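Okay, so here's the structure we're looking at.
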Amino acid sequence: MKNLIKDQKGQALVEFALVFCIYLAVLCIFLIHGLWLYNSYQTDRAARHAVVYLATTNNSSQAENIARNHLNNTMVASQIKDVRVYWNGQQPTARVSTEMATFFPGVTKMLDPSSPKWSGKVTITKEAVAPGEHKFTHSHEYR
């Protein structure tokens, strides 16, 4: 019986299993947060592309297509929720929303503290505004 109590052959395997679970959880949180940052940046870029195109050409349907094409080519594990491009008085405005799956409970609340949900999808919304005179000062960008 004394030999059985002093036998530590499986101790390293048990310690590895405990540490590996914690390491895997931290790695997944970092990956999801990085994915959220990337998708947030791409949503912002889509809104900016759309608003600059609207300011230079005054074509809102084509500006929406430009935003959708940018998102379709760059988004990862996300989907387009809404793209609106319009004139707000004298200012061209673009509002782009995307949804990203989080895969783990609690991550939704971590990425968006104002959200009442603890799991599900995170909505990323970005808005861009350009001055109305942009089309006169930067008209060479979209010819």
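The one condition from (1) assigned to a helix (DSSP H, G or I); (2) out of contact with any Ser or Thr (no Cβ under 7 Å at 6 or more places or on another chain); (3) among the β-branched types (V, I, T) that T43 does not meet is (2). Of L13, L31, L54, L24, all but one fail to be over 30 Å from P131 (Cα atoms) and surrounded by 11 or more Cβ atoms within 10 Å (Cβ to Cβ); the exception is L31. Against the criterion of being touching a Lys or Arg at 6+ places or on another chain (Cβ under 7 Å) and among the aliphatic types (A, V, I, L, M), M75 does not qualify.
In the set (1) without any contact (Cβ under 8 Å) to a residue 40 or more places away in the chain; (2) open to solvent by less than 60 Å² (accessible area, probe 1.4 Å); (3) out of contact with any helix residue (DSSP H, G or I) (no Cβ under 9 Å at 6 or more places or on another chain); (4) not hydrophobic (A, V, I, L, M, F, W, C), D44 fails one condition alone, (1).
If you scan the stretch 66-99, which residues turn out to be part of a helix (DSSP H, G or I) and under 17 Å from the mean Cα position of the chain (by Cα)?
Narrowing the stretch 66-99 to residues part of a helix (DSSP H, G or I): 66-74.
Those that are part of a helix (DSSP H, G or I) and under 17 Å from the mean Cα position of the chain (by Cα): A67, R68, N69, H70, L71, N72, N73, T74.
The values are calculated or read from the model by the stated rules, or taken from the named source; none is laboratory data. Quick caveat, the model's predicted, so the values are computed rather than measured. Methodologically, a virtual Cβ is constructed for each residue, glycine included, from the backbone with ideal geometry; neighbour enumeration extends over all protein chains shown. Just so you know, the surface numbers come from the protein's heavy atoms only, side chains and all, with ligands and any DNA or RNA stripped out. Shrake-Rupley method; radii C 1.70, N 1.55, O 1.52, S 1.80 Å.
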